[in-house]
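Colleague: There's a structure below that I have some questions on.
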Amino acid sequence: MKRLGIALPAALLLPAQVIQLGSRRELFLDRFLIDRLDQAQLRVAQPVEAGPVLRLDQPWEGPFSGYFTVIYDPPVYRLYYRGLPAAGPDGSPREVTCYAESQDGIRWVKPQLGLFEVAGTRRNNVILADQPPFSHNFAPFLDRRPGVPAAERYKALAGTARTGLHAFVSADGIRWRRLRESAVIPAPDPSAFDSQNVAFWSESEGCYVCYFRSWKRIGQVNYRWISRTTSTNFLDWSPPVEMDFGQAPPEQFYTNQTAPYFRAPHLYIGLAARFMPGRRALGEAQARRLLADPRYAADCSDAILLTSRGGHRYERTFLEAFLRPGLGWQNWVSRTNYPALNLVPTGANEMSFYVARHYAQATAHLSRYVLALDRIASIHAGYAEGEALTHPFVFAGRELEINYATSAAGWLRIEITDEAGRALPGRSLHDSLEILGDEIEGVARWKNGSDLSPLAGKPIRLRIRLKEADLYALRFRP
């Protein structure tokens with residue numbers, strides 16, 4: 001048995017490829033850095049609801065609005081979504097693409113743009129109409145590719161299985177044009193694209209990536225699945241590949257909402273809608289009282305956390321819900337609790353994501369949820385002391401920055417070891433100064449200081465010992 005705080009004999013440590021960590025920020029969303037956990041665990045965070053931020057109360061919006069995207073392009077936050085006042089087939093002429101904006105991500109306004117006449121008026125916030133298949137699931141992003149032309153800073157994909165996915169571009173995120181008349185991603189099967197199909201420029205992979213709705217048959221069940229394709233120019237895309245979820249049990253994913261995390265873009269975070277077809281929480285009388293269309297009482301849904309580091313693999317480190325439906329039967333109906341695309345910063349130490357609530361109801365709205373920066377998941381230990389040992393890695397930098405929180409009785413200590421797990425002189429657990437408090441960008445220190453520059457470029461491990469504490473993220477900074 002491994003004992004806390006004792007160096008492991010080299011023979012007990014399995015050979016591991018040394019990770020080239022550099023100075024990038026790593027969040028504990030998966031086991032990428034973790035070799036062993038002892039009386040410690042990876043624990044997912046609990047988002048805090050901050051209340052409604054947008055009512056879908058205009059004649060061209062309504063109960064069936066959906067597929068939200070939030071983009072932060074400093075100093076403006078931009079919000080895109082489908083407006084749909086009544087249920088209908090995908091690509092219905094009543095579908096429009098709506099727009100709102102904010103200066104802080106909290107207070108939103110719907111500008112009167114005058115671009116399209118809808119419901120007898122141009123005094124509306126509609127940015128796309130008269131092209132029904134594309135307003136069904138218009139999914140934009142801010143193109144962060146170096147050298148992107150100013151006229152194409154914003155890009156989007158939209159379409160159905162009938163049309164394929166078409167490419168759109170915009171200079172300002174409001175006025176859009178198609179890049180070409182034909183689809184850039186043809187439908188791989190007759191049921192594809194029935195969701196929010198999202199794309200982005202991947203800094204770590206050096207290409208555009210698109211995650212889209214596909215279907216996968218496992219046994220006797222057809223599952224709403226996620227597939228992926230890539231492109232170097234946003235026009236020519238590779239053959240799609242189904243995403244692999246490892247040993248996780250198959251579930252129905254209605255949206256995937258995958259995007260690079262803004263403080264660590266090599267990490268892709270998906271706040272996906274998990275759909276539970278036929279799982280009914282409401283009785284018939286409740287459904288008639290609440291819903292514009294009682295057929296939407298037959299299912300329920302919540303949100304789960306997906307992560308990826310590129311390629312066709314998702315990690316489901318946490319199988320349980322990231323966001324439960326919560327109090328109120330209004331949130332236990334079909335196609336509600338679907339997260340918007342993207343986490344965005346909304347304060348010095350705060351980030352937000354947004355969730356569609358009360359689908360198919362007159363009270364349909366978008367709510368905001370809050371997390372502290374980087375605090376999506378953590379290495380956690382309770383009252384009993386726990387320990388984590390990392391894989392060997394090489395870093396660049398001078399100090400170890402940590403995002404952590406303890407109770408009043410809790411603490412962390414960090415030991416630096418060689419590849420075999422032997423403590424380095426002056427960097428043992430005994431030399432580590434106890435870390436107590438709650439900081440987004442704290443610094444680990446030892447009796448002889450915090451300067452680790454002599455170890456830069458050399459393979460090391462971290463032994464993290466903690467009690468009533470969480471370690472959310474780390475990086476080595478200059």
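Colleague: Which residues, counting only those in the stretch 386-411, are assigned to a strand (DSSP E or B) and of a type in the set (Gly, Ala, Ser)?
Modeller: Gly386, Ala388, Ala405, Ser407, Ala408, Ala409, Gly410
Colleague: While we're on this one: Assess whether Tyr354 counts as being assigned to a loop (DSSP other than H, G, I, E, B), crowded, with 23+ Cβ neighbours inside 10 Å and not assigned by TED's automatic domain parsing to the domain that holds Leu29.
Modeller: Considered against the rule, which asks whether it is assigned to a loop (DSSP other than H, G, I, E, B), crowded, with 23+ Cβ neighbours inside 10 Å and not assigned by TED's automatic domain parsing to the domain that holds Leu29, Tyr354 comes out as no.
Colleague: While we're looking at this one, here's another question. When the stretch 50-60 is examined, which residues are found to be at negative phi, of a type outside the set (S, T, N, Q) and touching a residue at least 60 places away in the same chain (Cβ under 8 Å)?
Modeller: Across the stretch 50-60, the qualifying residues are Ala50, Pro52, Val53, Leu54, Arg55, Leu56, Pro59, Trp60.
Colleague: Sort out which residues of the stretch 394-407 are buried (at least 22 other Cβ atoms within 10 Å of the Cβ) and over 29 Å from Glu49 (Cβ atoms), and write them in order of number.
Modeller: The answer is Phe395, and nothing else.
Colleague: Quick one: is Gln252 surrounded by 13 or more Cβ atoms within 10 Å (Cβ to Cβ) and in contact with a Gly (Cβ under 7 Å, 6 or more places away or on another chain)?
Modeller: no
Colleague: Of the residues in the stretch 163-217, how many are more than 24 Å from the chain's Cα centre (by Cα), under 14 Å from Phe134 (Cα atoms) and hydroxyl-bearing (Ser, Thr, Tyr)?
Modeller: Matching residues across the stretch 163-217 total 2.
Colleague: Moving on to the next point. Is there any pair with a first residue in the stretch 164-191 that is within 22 Å of Ala150 (Cβ to Cβ) and in the same structural domain as Tyr77 (by TED's automatic domain parsing) and a second that is small (Gly, Ala, Ser) and in a loop (DSSP other than H, G, I, E, B) whose Cβ atoms are under 9 Å apart and which are 6 or more apart or on different chains, and what are they?
Modeller: His166/Gly159; His166/Ser182; His166/Ala183; Ala167/Ala183; Val184/Gly164
Colleague: Name the residues in the stretch 92-110 that are more than 17 Å from Gly62 (Cβ to Cβ) and either touching a His at 6+ places or on another chain (Cβ under 6 Å) or loosely packed, with under 13 Cβ neighbours inside 10 Å (or both), would you?
Modeller: Selection gives Gln103, Asp104, Arg107, Val109.
Colleague: What tally of residues in the stretch 263-275 results from selecting those that are farther than 27 Å from Phe476 by Cα and in contact with an Asp or Glu (Cβ under 6 Å, 6 or more places away or on another chain)?
Modeller: Matching residues across the stretch 263-275 total 1.
Colleague: Can you confirm whether the stretch 371-388 contains a residue that is of a type in the set (Gly, Ala, Ser) and out of contact with any strand residue (DSSP E or B) (no Cβ under 8 Å at 6 or more places or on another chain)?
Modeller: No: zero hits.
Colleague: Let me ask another. Right, Tyr383: buried (at least 19 other Cβ atoms within 10 Å of the Cβ), of a type in the set (Phe, Trp, Tyr) and in a loop (DSSP other than H, G, I, E, B) or not?
Modeller: Criteria not met by Tyr383.
Colleague: For the stretch 64-87, name all the residues that are in a loop (DSSP other than H, G, I, E, B), surrounded by fewer than 19 Cβ atoms within 10 Å (Cβ to Cβ) and touching a residue at least 24 places away in the same chain (Cβ under 8 Å).
Modeller: Pro75, Ala86, Ala87
Colleague: Restricting attention to the stretch 300-341, which residues are among the polar types (S, T, N, Q) and within 19 Å of Gln247 (Cα to Cα)?
Modeller: Scanning the stretch 300-341 gives Thr307, Ser308, Thr317.
The values are calculated or read from the model by the stated rules, or taken from the named source; none is laboratory data. In this text the structure is predicted, and so the values were computed from the model without any measurement. Counting neighbours? That spans all protein chains shown, and the Cβs are built from the backbone with ideal geometry, glycine included.
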